[in-house]
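Notes follow the structure.
The values are calculated or read from the model by the stated rules, or taken from the named source; none is laboratory data. Predicted, not measured: the structure shown is a model, and the values here were computed from it. Because the Cβ atoms are built from the backbone with ideal geometry, glycine has one as well, and the counts that use them run over all protein chains shown.
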Amino acid sequence: MSIVPDPKFDFWHGVDRMEIEWSPTIDEGKCKGSGICVTSCGRGVFRYDYKRRKVKVVYPYNCMVGCQTCSSLCPEGAISFPGGREKVQQIVAQRDILSRVKEELEVRREALDFKE
Ligand code: SF4
């Protein structure tokens, strides 16, 4: 299985997604195959091994940087994100993501503006 990401997710705030290490790690020993991560992830990161009732990470670079939804949902606590929040904050600082976000807010002002 390829690890090539969906081209839709090639960049994260302008940074090449392949340069950012952020994806779920599954503890095979803990995974009991509920599949809630597979059916909940909106980015198609996982596939399900129906024979063994286990989950596989097949498209790690599709994962949304900072998201940990699958980890929160897993009833067995089998999914982790090494580094967690601290790692994400480090990436945000190192890559000057907040400056990019500031620009994005202006570019997308019409769409994002809260109108009472
Ligand atoms: S963290 Fe979010 S985007 Fe990444 S694999 Fe889990 S549910 Fe999908």
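Checking each residue in region 36-59 for being of a type outside the set (S, T, Y) and in a strand (DSSP E or B) picks out F46, R47, D49, K54, V55, K56, V57.
In this entry, V55 passes the filter for residues that are crowded, with 16+ Cβ neighbours inside 10 Å and modelled with pLDDT of 95 or more. Exactly one residue out of S99, S40, S34 is polar (S, T, N, Q) and touching a Pro at 6+ places or on another chain (Cβ under 9 Å), and it is S34. Within region 13-35, the set of residues being hydrophobic (A, V, I, L, M, F, W, C), over 11 Å from E76 (Cα atoms) and not in a loop (DSSP other than H, G, I, E, B) comprises V15, M18. When S71 is tested against (1) of a type outside the set (D, E, K, R); (2) assigned to a helix (DSSP H, G or I); (3) over 16 Å from the mean Cα position of the chain (by Cα), exactly one condition is not met: (3).
Residues that are at pLDDT 95 or above and either crowded, with 17+ Cβ neighbours inside 10 Å or within 16 Å of the ligand (Cβ to nearest atom) (or both) occur in region 96-105; there is at least one.
Would you confirm whether or not region 47-55 contains a residue that is closer than 20 Å to I97 by Cα, in contact (Cβ under 8 Å) with a residue 12 or more places away in the chain and of a type in the set (F, W, Y)? The answer is no; no qualifying residue exists.
You will find that of R108, R17, the residue that is among the basic types (K, R), in contact with an Asp or Glu (Cβ under 6 Å, 6 or more places away or on another chain) and either surrounded by 12 or more Cβ atoms within 10 Å (Cβ to Cβ) or without any contact (Cβ under 8 Å) to a residue 12 or more places away in the chain (or both) is R17 and no other.
Consider region 70-89 and keep the residues that are buried (at least 16 other Cβ atoms within 10 Å of the Cβ) and near the ligand (Cβ under 9 Å from one of its atoms). The one that is farthest from V38 (Cα to Cα) is F81. Residues in region 19-69 that are within 8 Å of the ligand (Cβ to nearest atom) and aliphatic (A, V, I, L, M): V45, V57, M64. Cβ-Cβ distances below 8 Å connect the following pairs, each with a first residue in region 82-102 that is farther than 16 Å from V15 by Cα, a second residue that is assigned to a helix (DSSP H, G or I), and a separation of six or more residues or different chains: G83/Q90.
Of the residues G33, G77, G42, G66, the single one that is modelled with pLDDT under 95 and either more than 27 Å from P7 (Cβ to Cβ) or touching a helix residue (DSSP H, G or I) at 6+ places or on another chain (Cβ under 9 Å) (or both) is G42.
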